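Data block below; observations after.
The values are calculated or read from the model by the stated rules, or taken from the named source; none is laboratory data. Model, not experiment: these values are computed from the prediction. All Cβ positions, glycine included, derive from the backbone under ideal geometry; neighbour counts span all protein chains shown. Accessible surface is based on the protein model in full, side chains and every heavy atom, while ligands, DNA and RNA are left aside. Shrake-Rupley method; radii C 1.70, N 1.55, O 1.52, S 1.80 Å.
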Amino acid sequence: MYDIHCHILPMFDDGSESIDESCAMAELAFQSKVKGIIATPHCNGEDLMDADRFRAMCDMHTTLRAKLAERDIPVEVYLGMEILLDDSIYEPLEHDALLTLNRSNYLLVEFPFDDNPDHVRALLKAVCLRGYRPVIAHPERYDFVQSDPEMVFEFLDREYVLQVNRGSIMGRFGDNAKRCARWLLDGQLAHVVASDGHSATHRTPYVFDCYQYILSKYSVEYAEVLFHENPQRIIGNRPILPNC
Ligand SMILES: [Fe+2]
């Protein structure tokens, strides 16, 4: 299995606080049968225009990979970002100063939870105009989706990728997110499940309980698409499978 959304790169955001914690997170991922993780630190428009920060992220990625190899933790870590889409994004977009998921065409994006639908539409359109394919992080957590879930059909028509969080499915983010996440699964509308892991002790990268839940409630085929096939296709910059 592969995890395309995880805050495992240490000391860049509210995720891992040290190399040791990142190694512990990778160990947990390995225990849940994950063999590859994309590190996706939060980045806003200001972060993206900071070339020193970008270089430091790349250096830390190299350091983390070396440390995992040294400690015999067999998890590959790729680099990406979780990009906050707000009005500060237009300048980095113009300069292509964004890092996609493992340098693919897929860009992991998030929004303020209380953003309004027209603003979201405009930002996503701007991302597409620059040639990126948006992967919408945890659609089930936004007010604009919870109050109008049918909005996701518009996203699907535009070929945006829908990434649901393991924590939402398992009830960690409240009833509204859980209901919405399970509605997305019931309709086989979700393309990917990811951990959105932030630490080795809470919001961890352990996903096997969620894999088993989806396997028992839906099918082994859908579980494989969500946790393995589509994440692997994104890492390899190949088209994801269409919705059933
Ligand atoms: Fe995240």
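Couple of notes before you dig in:
- Summary value for segment 41-110: 40 percent relative contact order, contacts being C-alpha pairs under 8 angstrom separated by 6+ residues.
- Positive end of the dipole of segment 105-244 (Cβ unit charges, origin at the Cα centre): among L184, V152, A223, the Cα lying farthest that way belongs to A223.
- Global geometry of segment 181-237, whether rounded, prolate or oblate, following the gyration tensor of its Cα atoms and the 1.5 cut on a/c: oblate
- Computed from backbone phi with θ = phi - 60° and the Karplus coefficients 6.51, -1.76 and 1.60, the 3J(HN,Hα) list for segment 150-161 is 4, 4, 5, 5, 5, 4, 5, 4, 8, 6, 6, 9 Hz; x is used for glycine and proline.
- Calculated mean residue ellipticity, 222 nm, the chain: -11500 deg cm²/dmol, from DSSP H runs (n ≥ 4) at -39500 (n - 2.57) each, averaged per residue and rounded to 500.
- Euclidean distance between Cα centres, segment 166-205 to segment 76-130, Å: 21
- Whole-number D in µm² s⁻¹ for the chain, Kirkwood Cα-pair radius fed into Stokes-Einstein, 37 °C, 0.692 mPa s: 184
- Split the accessible area of segment 2-235 by element, probe 1.4 Å, and carbon with sulfur accounts for 47%.
- Counting lysine pairs in segment 2-235 whose alpha carbons fall under 27 angstrom apart, excluding pairs fewer than 8 residues apart on the same chain, gives 7.
- For the chain, the per residue solvent-accessible surface stands at 43 Å², with DNA, RNA and ligands left out and a 1.4 Å probe.
- In Å², nearest 10: area of M81 left accessible to a 1.4 Å probe: 10
- Helices of the chain meeting both criteria, an alpha-carbon length of 27 angstrom or more along the long axis and an average Kyte-Doolittle score not below -1.0, with helices taken as full DSSP H segments, are 51-70.
- Across all Cα atoms of segment 118-243, the radius of gyration (one decimal) and Dmax (whole number) stand at 14.2, 40 Å.
- Principal axes of segment 1-85: Cα extent on each, largest first, Å: 36, 23, 17
- Hydrodynamic radius (Kirkwood) for segment 87-192, which is based on Cα pairs only, to one decimal in Å: 14.2
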